[in-house]
Amino acid sequence: MSQTLLNIKNLYVNYETDEETVRALNGVNLKLNKGEMLGLVGETGAGKTTTALSILKLLPKDIGIITNGQIEFDGKDLTKLKEAELRNIRGERISMIFQDPMTSLNPVLTVGEQIAEVIELHKTLDKKQIESKVNEMLELVGIPAKRKKEFPHQFSGGMKQRVIIAMALSCDPELLIADEPTTALDVTIQAQVLNMMEELKHKLNTAMLLITHDLGVVAQICDKVAIMYAGEIIESGTAEDIFEAKEHHPYTVGLFGSIPNLIEKTNRLKPILGLMPDPTDLPQGCKFHPRCPQCMEICRKVHPDDRQTETHTIKCHLYK
Amino acid sequence: MAQPLIETKALKKYFKSPSGSLHAVDGVSLKIDKGQTLGIVGESGCGKSTLGRVIIRLLEATAGEVLFEGKNILKYNRNQMRNMRKEMQIIFQDPYASLNPRMTLSEIIAEPIKVNKLLKNRAEIEKRVTKLMDTVGLAQRLINSYPHELDGGRKQRIGIARALAVEPKFIVCDEPVSALDVSIQAQILNLMMDLQEEMGLTYMFITHDLSVVKHISDEIAVMYLGQCVEKAPSDQLFQNPLHPYTKALLSSIPLPSLKNKGNKRDIIKGEVTSPINPPPGCRFAPRCPHATEECMVRDIELIKAGDEHFAACRLYGRGFDAE
Amino acid sequence: MYKYIIKRLMMLIPVILGISFIVFSIISLTPGDPARIILGNHASEEAVENLRQELGLNEPFIKRYISYVGSSIKGDFGSSYRTGKPVFEDIFGKFPLTLKLALFSMLLATALGIPIGIISAVKRYSIIDGASMIFALLMTSMPSFWIGLMLILIFSIKLDIFPVTGVENIKGYVLPTITLASFSMAIITRMTRSTMLEVIRQDYVRTARAKGASTKRIIFKHCIRNALIPVVTVIGINFGILLGGTVITETVFALPGLGTLLVSAIRMKDMPIVMGAVIFLAIAFSIINLLVDLIYAVIDPRVKAQYSR
Amino acid sequence: MAEKTKKKSFYIAVWKRLKKNKLAMIGLSILIIMLTIAVFADIIADYDTLAIKQNINIRLEGVSKEHWFGTDSYGRDIFARIVHGSRISLIIGIFAVSIPLVIGGLIGAIAGYFGGLLDNILMRLMDMLLAIPAILLAIAIVAALGPGMINLLIALSIAGIPGYARIVKSSVITIKDLEFVEAAEAIGAGTTRILIRHILPNILGPVIVQATLGIASTIINAAALSFIGLGIQPPKPEWGSMLSEGREYIRQAPHLITFTGIAIVLTVLSLNLIGDGLRDALDPRLKD
């Protein structure tokens, strides 16, 4: 039986400013086992990045507030930890890769210095050992070690993302959170990076939370999938559950219907009508009901519960 | 054969840069028939957006011709060109940057009508704006909204309405759905296809997204470093890609299905080389698994490799067989 | 890099030529006859005419300018109409005081402005932040000469700590330096604070936090250098303001520097001195700007890469 | 049909945000008071009898009921002089900013929009002017032209041109590359229309901020020039020249410099507060 590494229970997060309160997460439940790759899928504003940032408590200071719920990592509730304790986890046990490789590296430090920093922070190694670890990490992601003396602006987007991955993996973390790691890259470069990540996963046995809007990326490398809408996980399961099972949340159906099919010729797409709800003013009942083609009376009033069958969970009144 | 609506002949656009001449578009010859959609696909820096802008003369070409209904519009003077603006329009990628933030929705849509003096009467203009909003699916209550009050999808609808306001025959669509979420993207794609059917529009659809381009295009041209490396009807290109770059591109797309999971994909190594003063020969040769010395000697033209299928690769057309 | 410095120094030549031409035309083409001013209202018409001849004032304007440029290239900036002393001597006699004053002020402004700006940004909305921002706002709103007068009133007249005028010892520099530095210090403080706040929001700072770095480490290792990049530009621009400001400050404290020399020369239409002083100040300003650009390259590797291209 | 959304002007939104900014509102109140004083100066204190007429019997008197701020070395009422001085300072501030703003703005817009050789020539010229610190340039010009209000205005205006040209140019360049300008070109809009209808409204905000802050620094510079004797000449009640006069009596009568100084500080401060507030209101992103 695989061991639970990360268990997010009923997580609520608000962004509170003077003018408004954005309800970003509304009861997120998410479980990730050791060594597993989970794809977290959703559109802009669904709350994917917020989920990731709450795990490491990197939410914008004083604005992003966890109002309820627990984030259990290896049995400990991260929401209760002090800043100093969290610092020991960040970078060492849980690492994070951000979306935009262009801005995620410090422009005035060499890439070698930036990789070395994370090792320095968490390992007691002497200078030489750190140097050789930096070399090793760069080679691991396919960059010649001699380039460590160069600055970020001398690297292409794909290469920068490799550096960031090297940085994230240099302390052998148990969990890697990757927020849209390939979205900013061209498709051939994306393929290179994805391949590399898959290989590394086999090599290092790191669990991974992959955040993306691209169902294709998820299909390629994830074992499990969770789909988010308006701050909730509306459907989750194994890759087979999501890509091959018959029963789905109507939003998932809409999401697949929106993607142009490369294999079969379709005349028109079947998109989801309407827009994402305003997160400062969410609808009653099921949050998807105003856009749902199968909306029932109950959907307008009652918030649906999860329906679980073995590995597959759907949050919808259609399934009881 | 009928005359194509738009045709380019050896079109070139070079930019000056501190380290030399940047060959953004380097000898592209294409044709688009009336009512058809030509998809232009390629990765960032391949010159696809520049090509679109050169064709409608938002940028001046360095060399070559652009024929609209058989006439070379690159020779047109200011006034003639101003008239041409009513025939060809453009829809932009960034729905935020492409709308003037200080103008309301109705002002933006009315602007082309006023600029081209299509209608004089204020009431008539307003009627036309209302009609255009209907056409692209914008609710009437939004008529006085500013762009920043609207979401990406609606902004893109404004962009489309603005382009349609002059009733053009040809529209360059420069990544019109790339900045949108997939569910909104689908709405906009459907709208664009409906409009094409109703109005007989001709599109040049520029994108980096292969699944989108396949969905909307009749014919597709693949670009790499300023050159068109392969051109074929949409289905043919996907079923039987010839150029090694096209093959690599297609196999790089992550498909949203588990069927190919675990299959080894052929992934090309390396990254796009510099477009500044490129050496002669096939631009893709430095990354190409099939490249020989011969590929680096001189530029390679598009060669007919099948019915309506063209590829700029030495492997085809001269007795070579693909693998 | 050396190539870049040489290129920049070469670019100084047209700038200096342009400036000299502008100043030359302003002074030559406006009413007022230097010969008449030198000799006074009672001198005879004949004497004035003779002097005009002697000074070459009857030549056409362009010819005069060209001959001025010609001789100044050879190092001869002419002699003062009034004293007859070579311009260079006059300027070199006065420049050290002005330069010292400007440098001391710049030092004071940066040494206080940058740390206060950083602290304000890090402790945003704290009492320290509020106080330093109000202080900075007041400093930008007070004319420097008035600050100088108030300082004299309080520290020289009432408390008798510093002299009202004179720079015989270092004490004499204290009040003029504060006076001159006040505006720049306020600007540098505000700029540092706002760029720091900008930098703190950057993605790479979030990356550093995700690595587990402490706030202190993030600020010192990741933020300050990046925040200084725009601040350095502001310091360069402020040096120009400081050089100009010396004219006013020297007047307030009655100090015999280049500024007072310039003002009196302008009043007397003493063309060679005015030309010399303005060109001197402009060269000083341009060289400081070049230095600023070089410091830029030290802080920002991207800029360095551009220079060595 | 659903009700149409009302057309809300962008500047109304800015004003709403500005209204929430307490400091800016304090600044605005001070400025309104100052402007009122300047407009009604003749009603508040008679120019000839109080501000100009000398009266040896009451020289250097301190604060009193008759003379709120005391009297100067010629026995003139300082309050009256400050009141009339506000007129001069504000007029110079406003004109010596609007004139270079228009000229510099035009130069900047042309250079920014057309680029190329024209841009090169214009901006090299501006660079030359910028190589001389503005106050020095103003000193040189005013000295050459001779003192006086008009000459001071000309000097400050010329000295201000290159700064505004630069600001406008850089804003035009950022806006010009945005796609909506390309869109305007694509629909066939001419250069003038693009500049006026599409570019100008988008750079107006930052330019207004710069102009507000510019008035503040111009008032200081004008006073500085008069202070060193190159601007407006006595007996005209100009703040800078009043301070220059007061300097000689700093030991006996410090009130000569305190009140006049406070008047300058308040005026300049109010403009700085409004400028800062406008900047935040125009770009709410900056605040958080």
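The values are calculated or read from the model by the stated rules, or taken from the named source; none is laboratory data. Keep in mind the model is a prediction, meaning the values are calculated, not measured. Heads up, the Cβs are rebuilt from the backbone with ideal geometry, glycines too, and the neighbour counts pull from every protein chain shown. Each accessible area value is taken on the protein alone, full model and side chains, heavy atoms only, with ligands, DNA and RNA left out. Shrake-Rupley method; radii C 1.70, N 1.55, O 1.52, S 1.80 Å.
If you roll a 1.4 Å probe over chain D with all protein chains in place, what percent of the accessible area is carbon or sulfur?
Numbers: 8360 of 12550 Å².
The computed percentage sits at 67.
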>> I need the shape label for segment B:103-181. Rule: rounded when a/c is under 1.5, else prolate if a/b > b/c, else oblate, with a, b, c from the alpha carbon gyration tensor.
In response: oblate
> Using alpha-carbon positions, what is the distance between the centroids of segment A:106-178 and segment B:64-82, in Å?
Replying inline: 54
> For q = 0.14, 0.16 Å⁻¹, what log10 I(q)/I(0) does chain B give under the Debye formula with an equal point scatterer on each alpha carbon and no solvent?
Replying inline: -1.13, -1.39
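In deg cm²/dmol and to the nearest 500, what is the mean residue ellipticity at 222 nm of chain B if only DSSP H runs of at least 4 residues count, each as -39500 (n - 2.57), divided by the residue total?
Here the helix-only value at 222 nm equals -8500 deg cm²/dmol.
Could you tell me the convex hull volume per residue, in Å³, taken over the Cα atoms of segment D:39-117?
Working: hull volume 9.7 nm³, N = 79.
In segment D:39-117, the Cα convex hull volume per residue is 123 Å³.
With a 1.4 Å probe and all protein chains in place, put B:Glu301, B:Glu69, B:Glu60 in order of accessible area, largest first. Provide the component values of the computation, followed by the final result.
Details: B:Glu301 135, B:Glu69 70, B:Glu60 95 Å².
Highest to lowest solvent-accessible surface, that is B:Glu301, B:Glu60, B:Glu69.
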>> Could you work out [θ]222 nm for chain C from helices alone, using -39500 (n - 2.57) per DSSP H run of at least four and dividing by all its residues? Round to the nearest 500 deg cm²/dmol.
In response: -25500 deg cm²/dmol
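For segment B:1-152, just run the numbers: alpha carbon Rg, then divide by 2.2 N^0.38 Å, N being how many residues it has. Spell out each step's value before the answer.
On the way: Rg = 18.2 Å, N = 152, 2.2 N^0.38 = 14.8 Å.
Ratio of Cα Rg to 2.2 N^0.38 Å: 1.23.
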> Ignoring ligands, DNA and RNA, what accessible area per residue does segment A:105-167 give at 1.4 Å, in Å²?
Replying inline: 42
> Protein chains only, probe 1.4 Å: how do D:Trp15, C:Trp146, D:Trp68 rank by accessible area, largest first?
Replying inline: D:Trp68, D:Trp15, C:Trp146
>> Step by step: find N for the protein assembly as shown, compute 2.2 N^0.38 Å, then divide the Cα radius of gyration by it. What's the final number?
In response: 1.07
> Chains C and A: what accessible area do they bury, summed, in square angstrom to the nearest 100, with a 1.4 Å probe?
Replying inline: 2300
> How much accessible area per residue does segment C:95-308 have, in Å², with a 1.4 Å probe?
Replying inline: 37
> So what is the relative contact order for chain B, in percent, with contacts set as C-alpha pairs under 8 Å and at least six apart?
Replying inline: 21
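Please report the equivalent ellipsoid semi-axes of segment A:128-246, computed as sqrt(5 x eigenvalue) of the Cα gyration tensor, largest first, in whole Å.
30, 15, 12
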> Quick one: what does P(r) look like for segment D:191-288 with 5 Å bins over all Cα pairs, in whole %?
Replying inline: 3, 13, 15, 15, 13, 10, 9, 8, 7, 4, 2, 1, 0
>> I'd like the carbon and sulfur percentage of the solvent accessible area for chain B, probe radius 1.4 Å, heavy atoms only, ligands and nucleic acids excluded.
In response: 49
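Measure off, as a whole percent, the carbon and sulfur share of the 1.4 Å-probe accessible area of chain C, all protein chains present. Display every interim value, and only then the final one.
On the way: 9630 of 14050 Å².
Within chain C, the accessible surface is 69 percent carbon and sulfur.
For chains D and C, what's the summed buried accessible area, probe 1.4 Å, to the nearest 100 square angstrom? List each step's numbers first, then the result.
On the way: alone 15860 and 17160 Å², together 29240 Å².
Looking at D and C, the buried total is near 3800 Å².
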> Among the aspartates and glutamates, which fall within straight-line cross-link reach of B:Lys117, defined as a Cα-Cα distance under 16 Å, with same-chain neighbours fewer than 8 residues apart omitted?
Replying inline: B:Glu87, B:Glu107, B:Glu126, B:Glu167, D:Glu185
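Would you kindly calculate the mean projected area, averaged across all directions, of the convex hull enclosing the Cα atoms of chain D, in square nanometres? Write out the running numbers ahead of the final one.
Values: hull surface 82.4 nm².
With the hull built on Cα positions only, its mean projection is 20.6 nm².
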> Stokes-Einstein D for chain C at 4 °C, 1.567 mPa s, Kirkwood Rh over Cα pairs, in µm²/s?
Replying inline: 58
>> What does the buried accessible surface come to for B and A, summed over both chains, with the probe at 1.4 Å? Round to 100 Å².
In response: 3800
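For segment B:170-253, what is the accessible area per residue in Å² when the probe is 1.4 Å? Before the final figure, lay out each step's value.
Values: 1880 Å² over 84 residues.
Accessible surface, normalised per residue, equals 22 Å².
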> Any idea what diffusion coefficient segment C:137-219 gets from Stokes-Einstein, in µm²/s, Kirkwood Rh on alpha carbon pairs, 10 °C, 1.306 mPa s?
Replying inline: 101
> Counting partner chain Cβ atoms within 10 Å of every residue's Cβ in C:299-306, what's the average?
Replying inline: 3
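Can you work out D for segment A:11-135 in µm² s⁻¹ from Stokes-Einstein, where Rh is the Kirkwood radius over C-alpha pairs, the temperature is 10 °C and the viscosity is 1.306 mPa s? Don't jump to the answer; show the numbers that get you there.
Working: Rh = 16.8 Å.
It comes out at roughly 95 µm²/s.
Calculate how large, on average over all directions, the projected area of the Cα convex hull of segment C:140-279 is; give the answer in nm² to one decimal. All intermediate terms of the calculation are to be shown ahead of the outcome.
Values: hull surface 46.3 nm².
Computed as one quarter of the Cα hull surface, the answer is 11.6 nm².
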>> Please list log₁₀ I(q)/I(0) at q = 0.11, 0.13, 0.24 Å⁻¹ for segment A:107-172, using the Debye equation with identical point scatterers on the alpha-carbon positions.
In response: -0.20, -0.29, -0.99
> P(r) tail for segment B:195-256, what percent of Cα pairs lie past 12 Å?
Replying inline: 70
> Among the aspartates and glutamates, which fall within straight-line cross-link reach of B:Lys48, defined as a Cα-Cα distance under 13 Å, with same-chain neighbours fewer than 8 residues apart omitted?
Replying inline: B:Asp26, B:Asp174, B:Glu175, B:Asp209
>> Rolling a 1.4 angstrom probe over the protein chains, ignoring ligands and nucleic acids, what is the accessible area of A:Glu113 in square angstrom, nearest 10?
In response: 80
> Counting alpha carbon pairs within less than 8 Å and at least 6 residues apart, what relative contact order, in whole percent, applies to segment C:95-308?
Replying inline: 26
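Sorting B:Leu201, A:Leu282 by accessible area (1.4 Å probe), largest first, what list results?
My answer, sorted largest first, is A:Leu282, B:Leu201.
Could you work out the equivalent-ellipsoid semi-axes for chain A, taking the square root of 5 times each eigenvalue of the Cα gyration tensor, largest first, in whole Å?
Value: 35, 23, 18 Å, ordered largest first.
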> Taking a probe of 1.4 angstrom, what is the accessible area of C:Phe24 in Å², to the nearest 10?
Replying inline: 10
> Taking the alpha-carbon centroid of each part, what is the distance from segment C:209-282 to segment C:73-129 in angstrom?
Replying inline: 6
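Which whole-number percent gives the relative contact order of segment D:46-146, counting Cα pairs below 8 Å spaced six or more residues apart? Can you show the working numbers first?
On the way: 77 pairs, mean separation 15.9, N = 101.
Here the relative contact order equals 16 percent.
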> Which of the lysines could a cross-linker span from A:Lys320 if the Cα-Cα distance has to be under 19 Å and same-chain partners fewer than 8 positions apart are dropped?
Replying inline: A:Lys246, A:Lys287, A:Lys301
> Which percent of the Cα-Cα distances in segment A:252-295 go past 18 Å?
Replying inline: 38
> Net charge near A:Leu38, counting Lys/Arg +1 and Asp/Glu -1 over other residues with Cβ under 10 Å of its Cβ?
Replying inline: 0
> How much accessible surface area, in Å² rounded to 10, belongs to the heavy atoms of A:Lys301 with a 1.4 Å probe?
Replying inline: 140
